[in-house]
Every structure is written in C-alpha cells, then in structure tokens.
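What follows is a short report on a single structure.
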Amino acid sequence: MEFIKNLYTKAVISKFIDFLNEYYTLIIGSILFIIVIPIYFSNYSINYKIVASLYWFAAITAFRDARKDVKWLSFLILCVPFFIFLIYINTHGYEIWGKILKWQIARGIVIDLNPIFSKIPFNNSSFARIYKNETLTWFMRLVYNNGFVMTAIIPILRSGIAKDFKKMCKYLCSAHVFQIFLISPFYLMFHLQEVWFVLGHPDGLARNFTKIQAAGWTINCFPSMHTSISFAMFLLVLREKDKIFKWVWGFFCLSVIYSTMYLEIHWFIDVIAGLLLAYGTVKLVDFLFSKLEIPLKKYFSRFYYKSNFKNDNLVVKENDTVNM
C-alpha cells in the first residue's frame, strides 16, 4: 500500500512539474500582471504605467517561443554571467558614454556636417511633421525616451523567460554591444548636431537645455543610433513565433525610428545610415553565430539539451547550422 502511495505521489509531482514546464511563461506573466495592478490605480504617470506593462506582456507572449528542450539548470548557469554583464552595462553605460562625449568635445571637430546637412532639401524630415498634435507628440516622446534601451531590453528578457540563450545573445550583440564599436568611428570623424538645434527650432523633447548643455548633448547624430538599435531589434523580432509580440514590438521599434524625425532629432540621412548599420550588424551577428554553432554543438548537446527530448534542430547537415 505504501508503495502504491509513493508511485501516486511521484506521478502527481511529475505531472505538476510537466504542467509548470509547459505553462511557466503564462504563470510568470500572470504574477507580473498582479504585481503591476496596484500601479494602474496609483498616481504614477501614464508613461510609467505603460512601461511597467511591458514586462508581463513580454512574459505572456513568450509562450509560443519557449524552449522545452533546454535544461533549466544549464540555462540558469549560463544566465548568471550574461545578466551580470547586462546589469553592468545598463548601470554604467551612460556614465561611460558621458566620458566619451567629453573626450569628443575636447579633441575638436574633424568634419563639420551641420552646414552641409542643413542645406540638403527635405533632409530635415519635414514630411514626418505634416500632421502634429499633442497626443502624437506625447507618444513620440514616450517611445523616443524609452526606445534606446527598451527596444533591446524587453526582447532580451523575453528570450530569457523563453529559455533561449542563443536568442538572448543575438539581441544583445545586435544592439549596443556590437553597434557601439561599429558606430564610434563615425561619431569621432563627423560632427553633426540635432535638427532642432542646427535650425534654431524649439527642442522636440522639451528638455529645457541651456545653450552650453544643448551644444554638448545634441552631437553624435550620424548615423542615428536610436534608428540602428530599433531597426536591428525590428529585424530580429520578425523571427519570433508569437504574432502579437511581433506586431506590437515591431510597431514600437518603427515608432522609435519615426520619432527621431518627428521630434526633429535626426536628419533623414542619419536615419537611412542607421537602417543600413542595423542591417549590417544583424547580418554580422548571424554570420558569427553560424560559425560558432558547429564547434559548440557537441558540447551544448550534452550540457544544454534534455537527453530524452527529440530536438530536430540538432540534426546537422553539410553547410548547415545548429539552433542553440
């Protein structure tokens, strides 16, 4: 009798674990939603409430993209150094960027693009401001102010919830990690400031800068890094299975790009250059990951994947890659 009870207990526990493994993304999303509910009824700004909603939204929409073939312990071990690095750059990134700005200002101007770009027809992206109203301006400010970081952070966290370490690394590398090195030579070579500052218009973000502050904070426009980060994330988001996340986050990424023109931050040529940089970065990351997958596949097959799980992605043919 005791033996039967033990078997029954083990069966119940096994089913419960299987249930958690199948629906854990929805459970995490529901918990995050419950945590956020008090914020909806608080005095926090609508901007804060929208940003807070992104986390439970990311978790719930990760259900279709969740990896069931990955070992939890192996995945969590890999996540430790990844998130330590992510927290570090998220904490100290702006401080490092500020030092770079000071160094750029101190070394002087190499090639001044301000007079050139200001004379090119339609380069001020006036077409993006044919229709303007307060609500649209509020939304454009919201997506621009959050777009530089959130376009990448949300897909990274969502990939983490989906237990997809490769996708986490791809999002991170395609965003700031690779782009900061690819874009820095342009910022060091070309001096270009924001549209509103060069043309003497009001600041689209209403930041209330002094003239000295504005002169320092409006540099580094070519190419547009808001555009390159957002478009790189857009290209990767198109590969997601969940259509709701794909459409919503794709719209957010494209809205960030549009906001740079609507708010008179970037010139049209900046945006085009940012799109090209994003495309090149994603292709570079794809190339590097394809070269790394084959050498690592045997190790990851043993350490990372469940042995009793049929993983068609591990079948490798000549000139093929492994989805890790």
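The values are calculated or read from the model by the stated rules, or taken from the named source; none is laboratory data. Keep in mind it's a predicted model, so treat the numbers as computed, not measured. Note that we place each Cβ from the backbone using ideal geometry, even for glycine, and neighbour counts take in every protein chain shown.
Here are the numbers for the structure shown:
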{"item": "Only one of ALA214, ALA206 that is within 28 Å of PRO121 (Cα to Cα) and surrounded by fewer than 16 Cβ atoms within 10 Å (Cβ to Cβ)", "result": "ALA206"}
{"item": "Number of the exception - GLU264 against (1) farther than 29 Å from ALA66 by Cα; (2) out of contact with any Asp or Glu (no Cβ under 9 Å at 6 or more places or on another chain)", "result": "(2)"}
{"item": "Residue tally, condition under 18 Å from the mean Cα position of the chain (by Cα) and of a type in the set (Asp, Glu), over region 45-84", "result": "1"}
{"item": "Of all residues in region 87-131 being modelled with pLDDT under 95 and of a type in the set (Lys, Arg), the one that is farthest from MET261 (Cα to Cα)", "result": "ARG107"}
{"item": "Single residue of PHE287, PHE309 found to be at pLDDT below 70 and loosely packed, with under 14 Cβ neighbours inside 10 Å", "result": "PHE309"}
{"item": "Residue in region 106-121 that is more than 26 Å from SER174 (Cβ to Cβ) and in contact with a Cys (Cβ under 9 Å, 6 or more places away or on another chain) present", "result": "yes"}
{"item": "ILE87 under 30 Å from TYR299 (Cα atoms), within 16 Å of the chain's Cα centre (by Cα) and in the same structural domain as PHE245 (by TED's automatic domain parsing)", "result": "yes"}
{"item": "Given (1) buried (at least 23 other Cβ atoms within 10 Å of the Cβ); (2) over 19 Å from the mean Cα position of the chain (by Cα), number of the condition SER259 does not satisfy", "result": "(2)"}
{"item": "Residue match in region 164-173 (condition: over 17 Å from THR281 (Cβ atoms) and either out of contact with any Cys (no Cβ under 8 Å at 6 or more places or on another chain) or of a type in the set (S, T, N, Q) (or both))", "result": "yes"}
{"item": "Residue list for region 252-286, filter: more than 27 Å from LYS166 (Cα to Cα) and small (Gly, Ala, Ser)", "result": "SER259, ALA273"}
{"item": "Within region 175-259, helices (runs of 4 or more DSSP H) holding 3 or more residues that are of a type in the set (Gly, Ala, Ser) and within 16 Å of VAL271 (Cβ to Cβ)", "result": "225-237"}
